[in-house]
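Heads up: the structure comes next, in structure tokens.
A short reminder: the numbers here are calculations on the coordinates, not readings from a lab. Because the structure is predicted, anything quoted here is derived from the model rather than measured. Glycine gets a Cβ as well: all are built from the backbone with ideal geometry, and neighbour counts include every protein chain shown.
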Amino acid sequence: MFVLQIILAVLLSLVALVYIIALFSRKEYVVERTVIIKRPKQEVFDYVKLLKNQEFYTVWSKMDVNMQREYLGTDGTVGAIMKWNSKVKNVGVGEQEIHALNEDKSIDWELRFLKPFRSTSRVYMLVESVSENETKVCWGFDGRMGYPQNVMLLMMNMEQMLGKDLQGGLDNLKKVLES
């Protein structure tokens, strides 16, 4: 009986420690990647503002070619939504909504994951002319994990995890637009 009490006390102490650590851990993260595309800014912006075009360049779309998609609203305008449903764990179930368009400059989306976990993040693309026929595209992911889940940020390298997917998507976007 005494051993069981010690085990229980140790387990409760570990749980309490996790909650205490979470109080002082960061809750936000930002990951960005950029690429230069040899196309005029307007052409690049007109392509990336359409949710349907993400199928051709995001690495998540390429992880599950059988992903079910549903589009609501007028694509490329504020309020347009793309919903997806995938049996692939790393793709999951969720939706993405265009929250803001700054014509020829930026697009802000709200990304809502429903499965395998619930989270909401801000995703954005910034489009900037480098020259008449070259455009710099910055793709960013601005996320937040609530308490006490934020303790996972100590064990997860979001820069590495999301960064490679963002860069892969930008590399695919470059290939699509330059071919």
Fill in: From the C-alpha gyration tensor of the chain, square roots of 5λ in Å
39, 18, 14
Response to the item:
Relative contact order of the chain (C-alpha contacts under 8 Å, at least 6 apart) in percent is 31
Discussion item. For a bin width of 10 Å, list the pair-distance distribution of the range 26-102 built from all Cα-Cα distances, rounded to whole %.
Written reply: 16, 41, 36, 7
Discussion item. What are the ³J(HN,Hα) couplings of the range 123-132, residue after residue, when phi is run through the Karplus curve with 6.51, -1.76, 1.60 and θ = phi - 60°? Round to Hz, x for glycine and proline.
Written reply: 10, 8, 10, 10, 10, 9, 6, 9, 8, 4
Worksheet item: Quick one: Karplus J couplings for the range 169-174, per residue in order, coefficients 6.51, -1.76, 1.60, θ = phi - 60°, nearest Hz, x for Gly and Pro?
Response: x, 5, 5, 5, 4, 4
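Give, in nm to one decimal, the length gained when the segment between Arg26 and Leu126 is fully stretched (0.36 nm per residue of separation minus the Cα-Cα distance). Numbers along the way, then the final one.
Numbers: separation 100, 0.36 × 100 = 36.00 nm, distance 2.54 nm.
Between Arg26 and Leu126, full extension yields an extra 33.5 nm.
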Practice prompt. Whole Å is fine, so just give me how far the alpha carbon centre of the range 156-171 lies from that of the range 48-113.
Written response: 17
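Highest mean first, how do 43-54, 101-112 rank when packing is the count of other Cβ atoms within 10 Å averaged over residues?
So the peptides 43-54, 101-112, ranked by packing, come out 43-54, 101-112.
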Discussion item. From the phi angles alone, apply the Karplus equation (6.51, -1.76, 1.60; θ = phi - 60°) to the range 32-47 and give each ³J(HN,Hα) in whole Hz, x where the residue is Gly or Pro.
Written reply: 9, 9, 10, 8, 9, 10, 7, 8, x, 4, 4, 5, 5, 4, 4, 7
Item to complete: Assuming R0 = 30 Å, can you tell me the calculated FRET efficiency for the pair Asn157 and Ile7, based on Cβ-Cβ distance, to the nearest 0.05?
Response: 0.40
Worksheet entry | Violating pairs (Cα-Cα greater than 24 angstrom) within the set Lys49/Lys89; Lys49/Lys164; Lys89/Lys136; Lys62/Lys174 | Lys49/Lys89; Lys89/Lys136
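Could you give the length gained by full extension between Leu101 and Ala16, i.e. 0.36 nm per residue of separation minus their alpha carbon distance, to one decimal place?
Working: separation 85, 0.36 × 85 = 30.60 nm, distance 4.40 nm.
Stretched fully, the Leu101-Ala16 segment lengthens by 26.2 nm.
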